[in-house]
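These notes concern the structure reproduced below.
The values are calculated or read from the model by the stated rules, or taken from the named source; none is laboratory data. Note that the structure is a prediction, hence the values are computed from the model and not measured. We place every Cβ from the backbone using ideal geometry, glycine too, and count neighbours over all the protein chains shown. Accessible surface areas use protein heavy atoms only, side chains included; no ligands, DNA or RNA. Shrake-Rupley method; radii C 1.70, N 1.55, O 1.52, S 1.80 Å.
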Amino acid sequence: MDQINKYKYRINEYLYGLNVYEYSAARRIIPKELDISLNTFHNYRSIKLGSATDIPYEIVRKMEILFSMKRGGLENSVITGKKLKTLIYEDQG
């Protein structure tokens with residue numbers, strides 16, 4: 001697995017696509033726009049794939065907007081599950 005894909009979110013993938021000037025500015029601007037500390041932003045960048053740790057949904061959406069991504073574009077994995085009605089009827093059987 002390459003270095004970028006080991007993270008739960010595609011934050012680093014986006015940032016590493018910026019030039020040096022943009023990257024430096026992004027590290028300063030993003031925490032301010034999200035109203036979080038720089039340390040919290042770095043912690044978000046470091047969340048490993050499969051970790052129970054998560055970023056609040058509102059922050060994820062704001063980052064997707066900042067990065068010009070569609071809803072769900074920041075995710076680096078596919079989340080699957082069964083529909084509620086399937087689980088209801090499986091539970092009866």
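For the residues GLU58, GLU75, GLU64, GLU90, the requirement of being within 15 Å of TYR44 (Cβ to Cβ), among the acidic types (Asp, Glu) and at pLDDT below 95 singles out GLU75.
Restricting attention to segment 74-83 and to residues that are within 15 Å of LEU15 (Cα to Cα) and not aliphatic (A, V, I, L, M), the residue that is surrounded by the fewest Cβ atoms within 10 Å (Cβ to Cβ) turns out to be GLU75. Can ARG71 be described as charged (D, E, K, R) and in contact (Cβ under 8 Å) with a residue 12 or more places away in the chain? The answer is no for ARG71. Checking the stated criteria, THR86 turns out not to satisfy the condition of being under 13 Å from the mean Cα position of the chain (by Cα), open to solvent by 40 Å² or more (accessible area, probe 1.4 Å) and β-branched (Val, Ile, Thr). In this entry, TYR14 passes the filter for residues that are out of contact with any helix residue (DSSP H, G or I) (no Cβ under 7 Å at 6 or more places or on another chain) and among the aromatic types (Phe, Trp, Tyr). Scanning segment 31-73 for residues that are of a type in the set (Ser, Thr, Tyr), open to solvent by less than 70 Å² (accessible area, probe 1.4 Å) and part of a loop (DSSP other than H, G, I, E, B) yields a total of 3.
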